[in-house]
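Here is the structure we will look at, set down as structure tokens.
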Amino acid sequence: MKVYKSIFGLLILLTVTMAAKAQTKIGFEVSFKEPQAHYAEVEMNMAGITAKNYVDVKMPVWTPGSYLVREFAKSVEDFGATVAGKVVKTEKINKNTWRVYTDKAAAVKINYRVYGFEISVRTAFIDASHAFLSSASIFMYPAGMLKTPSTVKIIPYGNWNKVSTGLTPVLGKEFTYLASDFDILFDSPIEVGTQDVFEFMAAGVKHEVAMYGGGNYDKEKLKVDMAKIVDQATAVYGENPNKHYTFIVHNRAQGGGGLEHLNSTVLGASRIAYSDPAGYNRFLGLVAHEYHHLWNVKRLRPIALGPFDYDNENYTTNLWIAEGFTSYYENKYMHRAGFIDQTSFINANIGSIGTVINTPGAKINSAAASSFDAWINPAYRPSENAKNTFISYYTKGAVVGLLMDLEIANATKGAKSLDDVMKAMYLQCKTLKRGYTDAEFKAMVEKVSGISFTNFWAKYVTGTTEIEYTKYFGYAGINVTAENATPNKPVTGAGLTINGGLMVGTVARNSTAWEEGLNVNDEIISIDGIGVVTAMQNVKLPNPALSLDILPLVSAKQIGDKLVLKIKRDGLEKEITLTLKENPNIRLKSVINENATPLQLAVRKKWIGVN
């Protein structure tokens, strides 16, 4: 009887606690008094809060989809609070938490300003022309109340007249939106301004495209072509989980990158590239990449990526699937939608393999380790030694996806592909209402293919085995051969930058520059006794691929020749002699076998879609 009373009491306590949380109301109001100075004003109203002496509010330290602790709290100013119009005490208790002393009041108003002036798809940017609100860098949440709903009211500045976001509009209230919890809010960027907005329907879903910054895009063409990508992606998974989807596109003089969200994405693009066929395809490829994330990573996700810990890093060894496979599918969708031909599709995949083979770090850093180390990813924190120690989980993951796709198609005689794995894993995550483990993903690959992938995992996921490209392309009747990237041309392994002088920017592992002790930040004074001004003649600048190897004095030499460099290091001159080596990098070439076997033809058809 006492046990029943205890259980009954516990149920009452849980009910009361849940009811208390349900009664808490949180509303944000965002305005812009000084957008030209890059500030947003945020008012946070909380009502029905627990009767305590204080409430803690927190700012996330990172934003989902971008695996770097960005310390968004650093951009917060003028934090203060009032209860019933009276100023109350506040204090910052750690790097991203503010304590508001409410004296058990049920309602409190919090005000703060956020500085936003970093151009990227993952950070807030505010100026006189528009405001891009990356929500994790703008909105705070009450500690322990991530599941609490909130509303967001935007007060546009001046002539701003549009708000674009994936959040649900509140009926009858202009520029007011509902987030069912803070995970949704932080996953919903907001564009405010005079952006050009157009819509299209695809896969039964309304898609809104918000274009900021102008550009030479053709809206009618984009409506058709973006819809093709949506249809191809939806076909893989069998359903589109959204009722509406928002593309926020920032067009700038130079732009790129994207960040996925639950029912929206933010894309960076060049405003003048739409009329260039290659530039247009780059944009569509970015659309394909980020739209595939609608499933892969947002719903079909590693178990560590949600529910999120917004205070700390969230580690997973599966970004090679989440991001790498998405890079692989980017090319699949571009081919299936008719934007690239068979040759371009094959070459894109061969190019990824070549990148992995030619990156020294690939021999050290596995796909799983690269994923786990995303939080110290040199792509976010550039390092002169990155290529020697790290391989991108985007590139390596795309290659693993390619190999896995071909292995599955071969094992099933062209009946199955990676598509079947992705769809099955999506449905499994949907049914279980959680992410997958590495073991579960491997088990599904084995279930679909009917073969063991233990050795495959050891080689390409947790290991750094050289890629057996001949074997895997051979499954599809495609002959791939390797040749030296620069036949009979010597290389030093030293990359250069120009920074007040000709400086060494990178040194490749095991190159002659590496072995003879040439250092990053060494200033090159002369080459074989010839000053750098003369040595640099006929070298076109700026050159993002600038290296010691392309200088005429170097390229005219033979493999095995000596190169004498006079350098300045820490103000002291020094002479270093390099013995020129053959380029260790390779270039892959493919030829389709016209005498392919029936099995090879079946695999090729399943992989590419044609014979």
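Shape summary: segment 295-475 maps onto an equivalent ellipsoid whose semi-axes, from the alpha-carbon gyration tensor, are 23, 22, 16 Å in decreasing order. Label sites at TYR315 and LYS540, each approximated as a point 7 angstrom past Cα along Cα to Cβ, lie 4.7 nm apart.
Just so you know, the averaged projected area of the alpha carbon convex hull for segment 23-194 sits at 9.6 nm².
Placing a pseudo-label 7 Å from each Cα along the Cα-to-Cβ vector at LYS471 and LYS413 gives an inter-label distance of 2.3 nm. Based on C-alpha pairs under 8 angstrom that are at least 6 apart in sequence, segment 118-210 has a relative contact order of 30 percent. Cα axis of helix 342-357 to longest principal axis of the chain: angle in degrees, 0 to 90, nearest 10? That helix lies at roughly 90 degrees to the long axis. For segment 185-232, the convex hull drawn through the C-alpha positions has a volume of 96 cubic angstrom per residue. Taking 7 Å steps out from each Cα toward its Cβ at ARG113 and ASN585 produces label points 4.8 nm apart. Each pair of Cα atoms in the chain enters the Kirkwood radius, and Stokes-Einstein at 10 °C and 1.306 mPa s then converts it into a translational diffusion coefficient of 58 µm²/s. At q = 0.10, 0.11, 0.20 Å⁻¹, what base-10 log of I(q)/I(0) does the Debye formula yield for segment 250-389 when every alpha carbon is treated as an equal point scatterer in vacuo? Log10 of I(q)/I(0), two decimals: -0.40, -0.49, -1.43. Find the all-direction average of the projected area of the Cα convex hull for segment 490-584, expressing the result in square nanometres with one decimal place. With the hull built on Cα positions only, its mean projection is 5.5 nm². Helix 598-608 and the long axis of the chain differ in direction by around 50°, with both axes built from C-alpha atoms. With respect to the chain, whose longest principal axis is taken over its alpha-carbon atoms, helix 219-237 is tilted by about 90°. Counting lysine pairs in segment 89-209 whose alpha carbons fall under 16 angstrom apart, excluding pairs fewer than 8 residues apart on the same chain, gives 6. About its Cα centre, the dipole of the chain is roughly 1520 debye, where the only charges are +1 on Lys and Arg Cβ and -1 on Asp and Glu Cβ. Think of the chain as a dipole: +1 on every Lys or Arg Cβ, -1 on every Asp or Glu Cβ, centred on the Cα centre; then among LEU68, VAL297, THR497, VAL297 lies furthest on the positive end.
Are there any GluC sites (Glu not before Pro) in segment 534-611 that are in a DSSP loop and have at most 13 other Cβ atoms within 10 Å? List them by number.
GLU594
Please go through the residue pairs LYS489/LYS581; LYS332/LYS442; LYS363/LYS442 and name each one whose alpha carbons sit more than 18 Å apart in this structure. Over 18 Å apart, Cα to Cα: LYS332/LYS442; LYS363/LYS442. The relative contact order of the chain, computed from alpha carbon pairs under 8 Å that lie at least 6 residues apart in sequence, is 10 percent.
Our helix-only sum for the chain, with -39,500 (n - 2.57) per DSSP H run of n ≥ 4 divided by its residues, gives a mean residue ellipticity at 222 nm of -8500 deg cm²/dmol.
Quick note: the coordinates plus some simple rules give every number you see, no bench work behind them. Given the structure is predicted, the values throughout are model-derived calculations rather than measurements. Neighbour counts run over all protein chains shown; Cβ positions are idealised from the backbone, glycine included.
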